[in-house]
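Below: the structure, in structure tokens.
The values are calculated or read from the model by the stated rules, or taken from the named source; none is laboratory data. Fair warning: this is a prediction, and the values are worked out from it, not measured in the lab. Here the Cβ is made from the backbone with ideal geometry for all residues, glycine too, and neighbour counts use every protein chain on show. Note: areas computed on protein heavy atoms with side chains; ligands, DNA, RNA excluded. Shrake-Rupley method; radii C 1.70, N 1.55, O 1.52, S 1.80 Å.
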Amino acid sequence: MKMKRRTFLKYAAGAAVGLSAIGIIRKLFLDAPGGAPTLTIYSGRNENLVGPLIEQIRSGTGMDIRVRYGETAGLAATILEEGANSPAHMFFAQDAGGLGALSKEGRLLTIPDTLLSRVEPRFRSPKGEWIGITGRARTVDYNTSLVRPGELPDSIWEFTDQKWGGGRIGWAPTNGSFQAFVTAFRILEGNGKAREWLEGIKANKPQAYPNNTTIVDALGRGEIQVGFVNNYYLMRFKSENPDFPVAHHYTRGDAGSMINVAGIGVLDTVENRGLAEAFIEALLSPESQQYFARETFEYPLISGVEVEGDQKPLAEIDTPDIDLSNLEDLEDTLDMLRDAGIL
Amino acid sequence: MGQSRIFAILSTVVVTMALIPLAYLLWRTAGAGTGVVDILLDARTFRILMNSVLLAAIVTALSAVIAVPLAFFTVRTDLPGKRFWSIATALPLTVPSYVGSFIIISAIGPKGSIIQNLLMPLGIERLPSIYGLPGAVLAMTLFTYPYILLTVRSSLQNLDPALEEASRNLGYSQKETFFKVTLPHLRPSIAAGGLLVALYTLSDFGTPSLMRFDSFTRAIYIQYQSSFDRTAAAVLALMLVALALTILALEFRAMGKASYFGSSAATRRPPSVIELGKWRLPALMFTASVVGAALVFPMAVIGYWLVRASFTDEFIRGLLQLTVNSIYVSGLAAAVAVLAALPVVIYAVRYPGRFSTLLERMTYLGSGLPGIVVALSLVFFGANFATSLYQTISMLIFAYVVLFLPKAVGTIRTSMLQINPRLEEAARSLGSGSLETLQKVTLPLVRPGLVNGAALVFLTTIKELPATLILAPIGFRTLATRIWSATDDALFAEAAAMALLLILASGIFMSIILKQEAQ
């Protein structure tokens, strides 16, 4: 009985010792010094989306690449907290905002012009500190059995009309891509107009969701009829279910059809800058850009590769003229959203 | 005397580690600008703080109402299938909050949900909306009540049967005995479990955001996600710490100064089994309906997604490694957390005083904080002061222990309170040394607390996300991190398969660990 009574603690202590031993062995094994220099990337982009591509690059180039996946904002904060001791060499972000936060703290190195020039100036940092890898268009997605395409206006402004009232609209005010869109709106049409638009939509009692995926999911269920989202989310639902009853609509020449980017930057804690630049080069190769078009349904940014999945080509979207680096500072947008009682 | 000093030193070491998040927040706040003051003074900030308080209060009360009867039925009565129910009632804790909420929405959401589709032929076009407070309360209660269940279970097992027997001998009925003797003795455990529920509710982000409930953690996340402003986030997080302090004080008062041990020397007799009689069916129905709502229903929705799915061989091959990884780190975290909590509890209960009580209370401070805040504090600490350990398994386990120490402290303390100190004194007076007394008397007696504490830490660790994403060795994936990336990418079938594995793996672990409880 006495023996039995003590077994639990023995198990616990035994487990602790045993498992720590395994941990140490794992560490020795995992951290065994290899021949090739390593490239460590923090990726705010989902492993399911970019993992296979990075695997291709790894086997194609022989680079020893290690990736930590997480949320863009969480990883940006992590890199800032790690400071000079950061193990990260590069940051692959879901949006320009995360890269802007690192650029502001002086954590990004300049990328050579030979690489920068592969994409249009509007898709990279003016200081050359980050470069867009793929484009992500704002769209108005709608439920095809509840809304006829003819009903949809050419201007994002018209969604403030009363006929879109009563909870037909879904949006994601806490989401970075929505806030970047509002920032673009402010820059393009002024704070007064942007505020008026927000108030107008708010008066239509929109439903607030945490992110784009949940909006598209709710659109599919018919919980809402139109939603302000990025283009590629819908395509992922469509690839699981081709009959998913939702489609894209593009507005013309306003913030409703702006293009943001997912981009990459080289950190000041990089060990082998050449390796980092070679990785960017690989991401901008036609094969990689085709991978993005095919697998993630984003817009390729180098010329000669087109978007897939029955989406409007980049050149045909009537996008507003806007400098993405101006979207870095969201402070005034957040203030506006708070003042309007939306955040 | 020597012994008290050893426990004081050990406790201080453990508590110092647990205070890393707080130290980090104070350090970050030191650089706060004036913009932060605006946020603090904003009426809206106060309103969402009150939202969070309201949510925590309702969820805690409802959880107690569900958990106390369940604990009583599964420990003390002749409920049929007791062992099965013991495991099944604890498992809802393993459902990650963002998964649980997503399941609830897709099942009973207002439009296009599984239930609404079923009711469509009856002409029901839209169900009443669950978004907001009702949905948040539902999801939180269903998946967090086991915190109270497990602490109350360990307390019921430690209850000196002589207390109830005396009450019965004095002519009180079974029912009167329950309300006048048993329930008051459960007070510390209900309070300890309630504390865990309240702090978890305050800190969670997944459920409020999916249920579109405006909680305080949402404000903190906005600071990270939109402004990339770590300082403002730290200031807001400190407000949560202040709130946690208030709750800690309340719990301390609820526990009171009464003693909770019996005077009988013949402890560790198994408590008598109460025959349910005509209450058998209602008790069974209550237990089954809780398990039905919190476990069978989510698993059925998961099953519904799985049936329509097809998986690549590569995905299926990867599952074993993910499951092993999850069990490995969670098991390690449970063992280390229990060992770390033990000295803190012994010191606080056996040498009660301002200092020891303060130390014990301090372990809770970080647990009202959102996971991302604690994770970043450990990033700061690890990358700057423990570089060789940074992003290793050891560092990850350390993070789990900092995050989940209170879960072990709470359960072990309730068990410890029920042990008559005179038993230990007797052992010592019979010539047994301090260590020997600890080993032969104290530890065997607090075993229900150790077992349930380990279970709680395990079940919470296996679904942990923010710290795992940032602090695990690079390339180390767990079921929880993969579920997250799959839901993020709208791969619901894959997420479902992994969530099911998470629940099953936890079920196996629980069945092993609950066996220990009974011996």
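Here are the numbers for the structure shown:
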{"read-out": "When residues of the stretch B:374-385 are limited to those that are facing chain A (nearest Cβ under 10 Å) and not aromatic (Phe, Trp, Tyr), the one most open to solvent (accessible area, probe 1.4 Å)", "value": "B:Asn384"}
{"read-out": "Residue in the stretch B:490-499 that is within 12 Å of chain A (Cβ to nearest Cβ), assigned to a loop (DSSP other than H, G, I, E, B) and surrounded by fewer than 20 Cβ atoms within 10 Å (Cβ to Cβ) present", "value": "no"}
{"read-out": "Number of the condition not met by A:Asp154 [criteria: (1) open to solvent by 30 Å² or more (accessible area, probe 1.4 Å); (2) part of a loop (DSSP other than H, G, I, E, B); (3) under 20 Å from A:Pro245 (Cβ atoms)]", "value": "(3)"}
{"read-out": "Verdict on A:Ala180 being among the small types (Gly, Ala, Ser), within 21 Å of A:Gly341 (Cβ to Cβ), in contact (Cβ under 8 Å) with a residue 24 or more places away in the chain and open to solvent by 40 Å² or more (accessible area, probe 1.4 Å)", "value": "no"}
{"read-out": "Helices (runs of 4 or more DSSP H) wholly inside the stretch B:299-402 that include at least 2 residues being free of Cβ contacts under 8 Å to residues at least 12 places away in the same chain and of a type in the set (D, E, K, R)", "value": "B:313-350"}
{"read-out": "Check on A:Lys205, surrounded by fewer than 22 Cβ atoms within 10 Å (Cβ to Cβ) and in a loop (DSSP other than H, G, I, E, B)", "value": "yes"}
{"read-out": "Qualifying positions in the stretch B:430-442 - in a helix (DSSP H, G or I) and open to solvent by 40 Å² or more (accessible area, probe 1.4 Å)", "value": "B:Ser434, B:Leu435, B:Glu436, B:Gln439, B:Lys440"}
{"read-out": "Which listed residue is farther than 25 Å from A:Val229 by Cα and not assigned by TED's automatic domain parsing to the domain that holds A:Asn231, from A:Ala278, A:Ala293", "value": "A:Ala278"}
{"read-out": "All helices (runs of 4 or more DSSP H) inside the stretch B:35-148 with 3 or more residues being within 14 Å of chain A (Cβ to nearest Cβ)", "value": "B:43-76, B:97-108, B:114-119, B:133-144"}
{"read-out": "Subset of the stretch B:36-77 that is of a type in the set (S, T, N, Q) and open to solvent by 20 Å² or more (accessible area, probe 1.4 Å) - its residue that is modelled with the lowest pLDDT", "value": "B:Asn51"}
{"read-out": "Matching entry among B:Ala427, B:Ala408 (being open to solvent by 10 Å² or more (accessible area, probe 1.4 Å), more than 10 Å from chain A (Cβ to nearest Cβ) and in a helix (DSSP H, G or I))", "value": "B:Ala427"}
{"read-out": "Top-ranked residue of the stretch A:304-341 - restricted to ones that are at positive phi and in contact (Cβ under 8 Å) with a residue 24 or more places away in the chain, ranked as surrounded by the fewest Cβ atoms within 10 Å (Cβ to Cβ)", "value": "A:Gly341"}
{"read-out": "Near pairs, Cβ below 6 angstrom, 6+ apart or cross-chain, from the stretch A:41-53 (within 11 Å of A:Ile65 (Cβ to Cβ)) to any residue that is assigned to a strand (DSSP E or B)", "value": "A:Ile41/A:Val67; A:Ile41/A:Met90; A:Ile41/A:Phe92; A:Ser43/A:Val67; A:Ser43/A:Tyr69; A:Ser43/A:Phe92"}
{"read-out": "Members of the stretch B:475-489 found to be under 18 Å from A:Arg68 (Cβ atoms), at the interface with another protein chain (Cβ under 9 Å from one of its Cβ atoms) and β-branched (Val, Ile, Thr), listed by number", "value": "B:Thr481"}
{"read-out": "Whichever residue in the stretch A:22-49 is modelled with pLDDT of 95 or more and open to solvent by less than 10 Å² (accessible area, probe 1.4 Å) and, among such residues, is nearest to B:Leu376 (Cα to Cα)", "value": "A:Tyr42"}
{"read-out": "Residues located in the stretch B:275-319, provided they are farther than 15 Å from B:Ala495 by Cβ and among the basic types (Lys, Arg)", "value": "B:Lys278, B:Arg280, B:Arg317"}
{"read-out": "Of residues in the stretch B:210-223 being open to solvent by 10 Å² or more (accessible area, probe 1.4 Å) and touching a residue at least 24 places away in the same chain (Cβ under 8 Å), the one nearest to A:Gly176 (Cα to Cα)", "value": "B:Tyr221"}
{"read-out": "Tally, over the stretch B:326-348, of residues that are facing chain A (nearest Cβ under 10 Å) and among the aromatic types (Phe, Trp, Tyr)", "value": "1"}
{"read-out": "Residue identified as under 25 Å from B:Ala56 (Cβ atoms), at pLDDT 85 or above and over 13 Å from the mean Cα position of the chain (by Cα) among B:Leu142, B:Leu199, B:Leu183, B:Leu195", "value": "B:Leu183"}
{"read-out": "The listed residue being open to solvent by less than 10 Å² (accessible area, probe 1.4 Å) and facing chain A (nearest Cβ under 10 Å), out of B:Leu465, B:Leu450, B:Leu445, B:Leu456", "value": "B:Leu450"}
{"read-out": "Some residue of the stretch B:224-243 being touching a residue at least 60 places away in the same chain (Cβ under 8 Å), of a type in the set (Lys, Arg) and in a helix (DSSP H, G or I)", "value": "yes"}
{"read-out": "Cross-chain or 6+ apart pairs with Cβ under 7 Å, the stretch A:226-248 first and over 15 Å from B:Arg308 (Cα atoms) and within 13 Å of chain B (Cβ to nearest Cβ), then part of a helix (DSSP H, G or I) and among the polar types (S, T, N, Q)", "value": "A:Val229/A:Asn212; A:Asn230/A:Ser177; A:Asn230/A:Asn212; A:Tyr232/A:Thr296; A:Tyr233/A:Asn212; A:Tyr233/A:Thr213"}
{"read-out": "Test result for A:Arg118, part of a loop (DSSP other than H, G, I, E, B) and open to solvent by 10 Å² or more (accessible area, probe 1.4 Å)", "value": "yes"}
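For (1) facing chain B (nearest Cβ under 9 Å); (2) in contact (Cβ under 8 Å) with a residue 40 or more places away in the chain; (3) of a type in the set (D, E, K, R), each residue gets a yes or a no:
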{"residue": "A:Gly60", "(1), (2), (3)": "no, yes, no"}
{"residue": "A:Arg66", "(1), (2), (3)": "yes, no, yes"}
{"residue": "A:Glu71", "(1), (2), (3)": "yes, no, yes"}
{"residue": "A:Gly74", "(1), (2), (3)": "yes, no, no"}
{"residue": "A:Pro87", "(1), (2), (3)": "yes, yes, no"}
{"residue": "A:Phe91", "(1), (2), (3)": "no, yes, no"}
{"residue": "A:Asp95", "(1), (2), (3)": "no, yes, yes"}
{"residue": "A:Ala101", "(1), (2), (3)": "yes, yes, no"}
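Yes or no, residue by residue, for (1) in contact with a Phe, Trp or Tyr (Cβ under 7 Å, 6 or more places away or on another chain); (2) open to solvent by 30 Å² or more (accessible area, probe 1.4 Å); (3) not small (Gly, Ala, Ser):
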| residue | (1), (2), (3) |
| --- | --- |
| B:Phe84 | no, yes, yes |
| B:Thr89 | no, no, yes |
| B:Val99 | no, no, yes |
| B:Gly109 | no, no, no |
| B:Asn117 | no, yes, yes |
| B:Gly123 | no, yes, no |
